[in-house]
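Below is one structure; the comments refer to it alone.
What follows is calculated from the coordinates using simple rules that are stated; it is not laboratory data. Just so it is clear, the model here is predicted, and its values are computed rather than measured. All Cβ positions, glycine included, derive from the backbone under ideal geometry; neighbour counts span all protein chains shown.
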Amino acid sequence: MADLIDVRVVEDLAALSRAAAEEFARVAAEAVRARGRFAVALSGGSTPRGLHRLLATEYRDRIDWGATHVFWGDDRHVPPDHPESNFRMARETLLDAVPLPPGNVYRMATENPDAARAAADYEATLRQVFGLAPGELPRFDLLVMGIGEDGHTASLFPGSDALRERERLVVAPWVEKLGTFRITLTPPVLNEGANVGFLVSGEEKAGAVRTALEGARDPDRCPAQIVRPRSGSLLWLLDRAAASRLSSKSDR
Ligand code: 6PG
């Protein structure tokens with residue numbers, strides 16, 4: 001269990017994206033040096049856009065893209081060219097601009113009308129790519145995470161049964177508030193990560209950040225709290241606005 005949560009506060013979204021790109025490049029280099037490959041699960045939403053753009057430009061030559069394998073922590077149940085697709089966002093801001101071998105990109109089959117089937121297929125992909133024995137968990141070198149104003153992370157929303165999933169690697173919960181299915185990695189996979197990094201920007205997230213880091217532990221109410229890597233690093237990268245409601249004495 002991660003006993004120490006590293007919380008770093010930077011000025012603004014631009015600084016957050018740069019700090020995230022530095023971490024991404026550092027973890028990638030360490031993974032390739034140690035294991036010959038770098039397995040990363042990207043986050044969706046909009047916050048990672050700045051990180052992606054830096055990775056596609058200034059940091060492009062610092063990453064061994066040939067040894068990099070790209071996955072997703074979650075995606076929306078829409079076709080891959082849909083405006084809400086996390087895959088599409090990553091393709092537009094990163095994947096089309098870097099020399100990743102096409103076979104190194106593992107997209108969730110979100111176009112499948114049967115979301116549960118898409119989740120099961122992604123789980124099979126993880127088992128195959130990571131060479132997992134039954135009961136074994138994939139250990140991502142890096143998981144990039146975000147948090148919603150309601151405390152959700154990946155597509156683990158408050159009150160979701162997915163928060164109690166202990167066996168499956170990927171599930172497709174119905175999200176009542178959104179009126180849609182999502183496809184998401186489960187808590188055991190998130191907590192098997194070697195390095196987990198939350199990227200959070202903006203005043204609108206300050207309440208969720210305070211609850212996640214300083215509130216009573218209640219992952220059902222604040223799913224981001226469920227992310228405590230069993231034997232990995234946990235970094236919360238915040239800009240000043242997102243950190244604005246943290247108490248200065250908070251021991252993290
Ligand atoms: C998604 C994400 C989700 C995201 C948060 C924050 O599919 O939306 O994986 O967990 O990280 O909703 O999103 P923003 O970065 O857009 O605020």
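Quick notes on this structure:
- Inter-centroid distance (Cα atoms) of the range 136-198 relative to the range 25-91, Å: 17 Å
- Qualifying GluC sites (Glu not before Pro) for the range 27-99 [loop in DSSP, other Cβ within 10 Å: at most 16]: Glu58, Glu84
- Restricting the range 152-252 to GluC sites (Glu not before Pro) that sit in a DSSP loop and have at most 15 other Cβ atoms within 10 Å of their own Cβ leaves Glu167, Glu176.
- The chain: C-alpha gyration tensor shape, a/c 1.5 cut-off, then a/b vs b/c: rounded
- GNM on the chain, alpha-carbon springs under 10 angstrom: the most fluctuating residue among Pro188, Pro134, Pro113 is Pro134.
- Trypsin sites (Lys or Arg not before Pro) restricted to the range 210-248 and DSSP loop, no more than 11 other C-beta within 10 Å: Arg217
- Antiparallel bridge percentage (DSSP; both residues within the chain; nearest 5): 25 percent
- Fluctuation leader among Pro229, Pro158, Pro99 - the chain, Gaussian network, Cα springs under 10 angstrom: Pro99
- Max mean-square fluctuation residue, GNM over the chain, Cα-Cα springs under 10 Å, options Pro187, Pro219, Pro83: Pro83
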